[in-house]
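First up is the structure itself, then whatever we jot down about it.
Taken together, the values in this text are just the output of simple stated rules run on the coordinates, not laboratory data. Predicted model, so just to flag it, every value in this text is computed and none were measured. Don't worry about glycine lacking a Cβ; one is built from the backbone with ideal geometry, like all the others, and counts go over all protein chains shown.
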Amino acid sequence: MPLTDVAIKNAKFVDKQFKLSDSGGLYLLVTKSGKYFRLDYRYLKKRKTLALGVYPKISLANARKKRDQAKELLGEGIDPGIKRKQEKHLRKQAVQNNFEAVAREWFEKKKPKWAPGYARTVIGRLELNIFPYIGTIPVGEINAPLLLSVLRKMESREAHDTARRVRGLCSKVFQYAVATGKAERDPASDLKGALTEVTVTHMAAITEPAEIGALLRAIDGYEGAFQTKCAMKLAPLTFVRPGELRHAQWSEIDLDEALWKIPAKKMKMRGAHLVPLSRQAINVLREIEQLTGALEGAGYVFPSIRTTSRPMSENTVNAALRRLGYDKTEMTGHGFRAMASTNLHEQGWKSEVIERQLAHVEKNTVKAAYNHAEHLPERRKMMQYWADYLDGLKAGGKIIPIRKQA
């Protein structure tokens, strides 16, 4: 006798589980934990059972539909149990191979090579701009028009540079997907000319010798916090990134060896970096050492004025430059790098020596292993030359670059 909704509803577990039969092999299994629709069938002369769902989430009518669908597959010579397992595997594979999953896999492999701040920026851009729109789509099914429609959303809010950078990130994810067999090609590479062209604006920097001299004299006359003044004096002498300067710790600096050893975890590209210290840089460090060298806390060379457990604010040097009368279109803390790079290149120093001192990692895969001590003797000479050159500019004398003459 076929099952009824009333019979299913009234069925109660007492001492042991039991079955209520319907038709065509369909039955309801009543257990202590619940009521389950099952289908018994034979395939290749073997008796098998297929789970159809849990009552009342699956109604009797739906259970019968599933039974009929299974019978149709059997009529075609297909085992419904095996087909379900195959579909489940494909769904699982689709989830594992969707864009977000592949992007996070790529990110975790690259993350150890990056500075924490850069890593947060990378994953943040993907989480905000890409995952909500195509994150659940299998990476191999995403084409150029679909990706472009997502990037256009960024452009619609005038984030043109971000759109360009995110396209580059997506391209790297697709390249990883191709390498791991999850996609056949990189559709992001087709969009290089499809986005709005961005005019690159470089960090404001003073590079003219006479103006550099005036800036250095202004820094010497700075009347704000002493550690801020020392940070501004050290910035042009070392031309490290602003974040590396403010996070400098005494444990990294060897004044006797005249060397500042910045650990890889603090560097943008996660490679250890050596900064040869000129006599002038050592003098600045010995000055600030008297104030911060014995402070308790994290041992920062330039600690926050509020607590020694944190470095000075990222805005401190820029704010001090504003106090000196230099607005953000003229000079920034990052501008000391361009100041050094421009002048050292003009004065004939080897590009590879300058670039290594700037901690610009060679992108060539053959040279990808970052050798932080490369060109160190030449870099020592260059850093002392640069400090002497700055002294001459500050003094206001006529400076004739010796290397350029040579």
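So how strong a dipole does the stretch 209-405 carry about its Cα centre when Lys and Arg Cβ are +1 and Asp and Glu Cβ are -1, to the nearest 20 debye?
Rounded to the nearest 20 debye, it is 380 debye.
At most 15 other Cβ atoms within 10 Å and a DSSP loop assignment: could you name the trypsin sites (Lys or Arg not before Pro) in the stretch 166-215 that fit? Can you show the working numbers first?
Working: sites: 167, 172, 182, 185, 192; in loops: 182, 185, 192.
Sparse-neighbourhood loop trypsin sites (Lys or Arg not before Pro): 185, 192.
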Quick one: 211, 257, fewest Cβ neighbours within 10 Å first, how do they rank? 257, 211
Along the stretch 3-20, Karplus-curve 3J(HN,Hα) (6.51, -1.76, 1.60; θ = phi - 60°) to the nearest Hz, with x for Gly and Pro, reads 6, 10, 4, 5, 5, 5, 5, 7, 5, 10, 6, 10, 10, 8, 5, 8, 10, 10
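Within 10 Å of each candidate Cβ there may be at most 14 other Cβ atoms; applying that plus a DSSP loop requirement, which chymotrypsin sites (Phe, Trp or Tyr not before Pro) in the stretch 1-92 survive?
On the way: sites: 13, 18, 27, 36, 37, 41, 43; in loops: 13.
Qualifying residues, ordered by number: 13.
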Among the aspartates and glutamates, select those whose C-alpha is under 15 Å from the C-alpha of residue 71, and discard any that sit fewer than 8 residues away in the same chain. 22, 40, 79
State the answer as a single residue: which of 320, 31, 170 lies farthest towards the positive end of the charge dipole of the chain, with beta carbon charges of +1 for Lys and Arg and -1 for Asp and Glu, about the Cα centre. 31
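Please arrange 230, 170 by how many other C-beta atoms lie within 10 Å of their C-beta, fewest to most. Don't skip to the answer; put the middle values down first.
Numbers: 230 21, 170 27.
Starting with the residue having the fewest Cβ neighbours, the order is 230, 170.
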I'd like to know which of 50, 114, 154 lies farthest towards the positive end of the charge dipole of the chain, counting +1 on Cβ of Lys and Arg and -1 on Cβ of Asp and Glu. 50
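Can you show me the helix-derived [θ] at 222 nm for the chain, built from DSSP H runs with n ≥ 4 at -39,500 (n - 2.57) apiece and divided by the number of residues, rounded to the nearest 500. Display every interim value, and only then the final one.
Working: 17 runs with 197 residues, N = 406.
About -15000 deg cm²/dmol.
Using packing as a proxy for protection, rank 220-226, 385-391, 243-249 so that the peptide with the highest average count of other Cβ atoms within 10 Å comes first. Walk me through the numbers on the way to the answer.
Working: 220-226: 12.4, 385-391: 19.6, 243-249: 21.1.
My ranking of the peptides, most packed first, is 243-249, 385-391, 220-226.
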Just tell me which lysines come within less than 25 Å, Cα to Cα, of residue 153; anything on the same chain fewer than 8 places away is out. 172, 192
Assuming 0.36 nm per residue, please report the length gained on full extension of the stretch residue 7 to residue 155 beyond their Cα-Cα distance. 47.2 nm
Give the lysines whose C-alpha is closer than 21 Å to that of residue 381, dropping any in the same chain fewer than 8 places away, or say none. 233, 261, 350, 394, 404
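What does the charge add up to near residue 187, with Lys and Arg as +1, Asp and Glu as -1, over the other residues with Cβ less than 14 Å from its Cβ?
Taking every other residue near residue 187 into account, the sum is +1.
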Pull out a ≥ b ≥ c, the square roots of the eigenvalues of the alpha-carbon gyration tensor of the stretch 209-405, then state rounded if a/c is under 1.5, prolate if not and a/b is larger than b/c, and oblate in the remaining case. oblate
Each residue of the stretch 27-38 in turn: what ³J(HN,Hα) in whole Hz from Karplus with 6.51, -1.76, 1.60 and θ = phi - 60°, glycine and Pro shown as x? 8, 10, 9, 9, 10, 5, 8, x, 10, 10, 7, 9
Please report, in whole Å³, the volume per residue of the convex hull around the C-alpha atoms of the stretch 103-208. 132 Å³
Over 25 Å between Cα atoms, which of 57/83; 85/182; 32/83 qualify? 32/83
Give, rounded to the nearest 20 debye, the magnitude of the charge dipole that the chain has about its Cα centre when Lys and Arg contribute +1 at Cβ and Asp and Glu contribute -1 at Cβ. 2760 debye
Direction-averaged shadow area of the convex hull around the Cα atoms of the chain, nm²? 32.6 nm²
If N is the number of residues in the stretch 5-88, what value comes out of its Cα radius of gyration divided by 2.2 N^0.38 Å? 1.12
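Please sort through the DSSP H helices of the chain and keep those with an alpha-carbon extent of at least 30 Å along the long axis and a Kyte-Doolittle average not below 1.0.
Details: long enough: none.
TM-like helix candidates: nothing returned.
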Just want to confirm a number: the relative contact order over the chain, from Cα pairs under 8 angstrom separated by 6+ residues, in percent. 12 percent
Dipole-positive endmost among 395, 290, 123 within the chain (Cβ charges, Cα centre): 123
Peptides 67-74, 273-280 ordered by average Cβ neighbours within 10 Å, highest first: 273-280, 67-74
